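Single-structure report; data block below.
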Ligand code: EPU
């Protein structure tokens, strides 16, 4: 087995944080993953599975194996005049997958254009943007159980998907290694124009390409390109609170930004809460809050994961003191 030793993980996380792994392997075949898992278990090593590294905060070194899952391949498993079912290997980059599907006339992913990361990481946080979520298109997730090496196909219905949540983040954390996802896409466009920003920008007879183009444009306006400025997208989730609590908050903060979830709960715009605390664009040494989007923490270079987590804690404490709401960190933290 060709494991590299003492490898910098800086190129493998979009925040560009410094951390080293005792061992590193970029696996391109399932048999390699199985070999890796066997050795990890035999030698009782820590295992960190890395996809695109775009949702990862590294605040320490890995005293074991950092395993980059680089399985490739997009396979049409079923196609008829209405739909196409695709099995996508975990290492396929998500933005290219969305473009590929659009080009082939397979629709349903256009609102999720340009989300950094790999297909295999997408179910973990149930990626979502501009009114759509992966779970609406996902049929199943192919996995290898880490302790037994057994292959399983988990139906989407068993994954408990909700807003930025799944069992892969909760009960099943570190239990499975995702090797592929299976998506069902439509051949007749069914546009999702729920997001006001998207709707406004559409031509008279919009198509999926118009939605994709507008999503990419909006993302470019608000979200920094990780190649130019280290970031992991939204650093906090939008808090979901009881409508009653929101009503009390409204009495004090008349212009509170929120969305009714229709079930007695509302979702608050965390970016707004952070901005109201005067934290948008602040800098603490090498880390800071993005100047266009207060929900995005950035690494200007030369900083550490610890510094970023300290900044996150400062933001959480400030927001809680002002609004009584506790923000939850969205990316995976290794500290
Ligand atoms: N807002 C502010 N100040 C800010 C940022 C936002 O007041 O600095 C307000 C905006 O004015 C708007 C509201 O907050 O009224 C929502 O802002 P935005 O549309 O930018 O979206 P978001 O809720 O901050 C979420 C996702 C993004 C996704 C966008 C678009 C989460 C945690 N984030 O952000 O996802 O791209 O909606 O749908 O749900 C990600 O998960 O990494 C991510 C980028």
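The values are calculated or read from the model by the stated rules, or taken from the named source; none is laboratory data. As the structure is a prediction and not an experimental result, all values here were calculated from the model. Methodologically, a virtual Cβ is constructed for each residue, glycine included, from the backbone with ideal geometry; neighbour enumeration extends over all protein chains shown.
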For this session: Could you please give the count of residues in segment 220-267 that are in a strand (DSSP E or B), more than 29 Å from residue 302 (Cα to Cα) and under 19 Å from the mean Cα position of the chain (by Cα)?
Result: 2
Seminar exercise, completed: Note on segment 10-23: residues surrounded by fewer than 22 Cβ atoms within 10 Å (Cβ to Cβ) and either in a strand (DSSP E or B) or over 20 Å from the mean Cα position of the chain (by Cα) (or both) are 18, 20, 22
Problem set entry | Filter result for residue 255 (surrounded by fewer than 20 Cβ atoms within 10 Å (Cβ to Cβ) and either at pLDDT below 95 or within 22 Å of residue 12 (Cα to Cα) (or both)) | yes
For this session: List the number of the failed condition for residue 195; all other conditions in (1) within 16 Å of the ligand (Cβ to nearest atom); (2) touching a helix residue (DSSP H, G or I) at 6+ places or on another chain (Cβ under 6 Å) hold.
Result: (2)
For this session: Collect the residues in segment 268-296 that are away from the ligand (no atom under 11 Å from the Cβ), in a strand (DSSP E or B) and in contact with a strand residue (DSSP E or B) (Cβ under 9 Å, 6 or more places away or on another chain), keeping them in residue-number order.
Result: 283, 287, 288
Exercise. Looking at (1) free of Cβ contacts under 8 Å to residues at least 40 places away in the same chain; (2) away from the ligand (no atom under 16 Å from the Cβ), which is the one condition that is false for residue 214?
Worked result: (2)
For this session: Report, by residue number, each residue of segment 158-183 that is out of contact with any helix residue (DSSP H, G or I) (no Cβ under 8 Å at 6 or more places or on another chain) and farther than 22 Å from residue 131 by Cβ.
Result: 158, 170, 171, 172, 173, 174, 175, 176, 178, 180, 182
Exercise. Can you name the condition, by its number, that residue 8 falls short on among (1) within 23 Å of residue 287 (Cβ to Cβ); (2) in contact (Cβ under 8 Å) with a residue 40 or more places away in the chain?
Worked result: (2)
Exercise. Residue 152 versus (1) more than 27 Å from residue 11 (Cα to Cα); (2) free of Cβ contacts under 8 Å to residues at least 40 places away in the same chain; (3) crowded, with 21+ Cβ neighbours inside 10 Å: which is the lone unmet condition?
Worked result: (3)
Exercise. Of the residues that make up segment 28-36, is at least one under 25 Å from the mean Cα position of the chain (by Cα), buried (at least 21 other Cβ atoms within 10 Å of the Cβ) and assigned to a loop (DSSP other than H, G, I, E, B)?
Worked result: no
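How about segment 159-190: which of its residues are assigned to a strand (DSSP E or B) and touching a residue at least 60 places away in the same chain (Cβ under 8 Å)?
177, 178, 179, 180, 181, 182, 183, 184, 185, 186
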Problem set entry | Residue identified as at pLDDT 95 or above, more than 26 Å from residue 199 (Cα to Cα) and not in a loop (DSSP other than H, G, I, E, B) among 64, 120 | 64
Seminar exercise, completed: Here the residues within segment 297-335 that are within 13 Å of the ligand (Cβ to nearest atom) and within 19 Å of residue 53 (Cα to Cα) are 297, 298, 329, 330, 331, 332
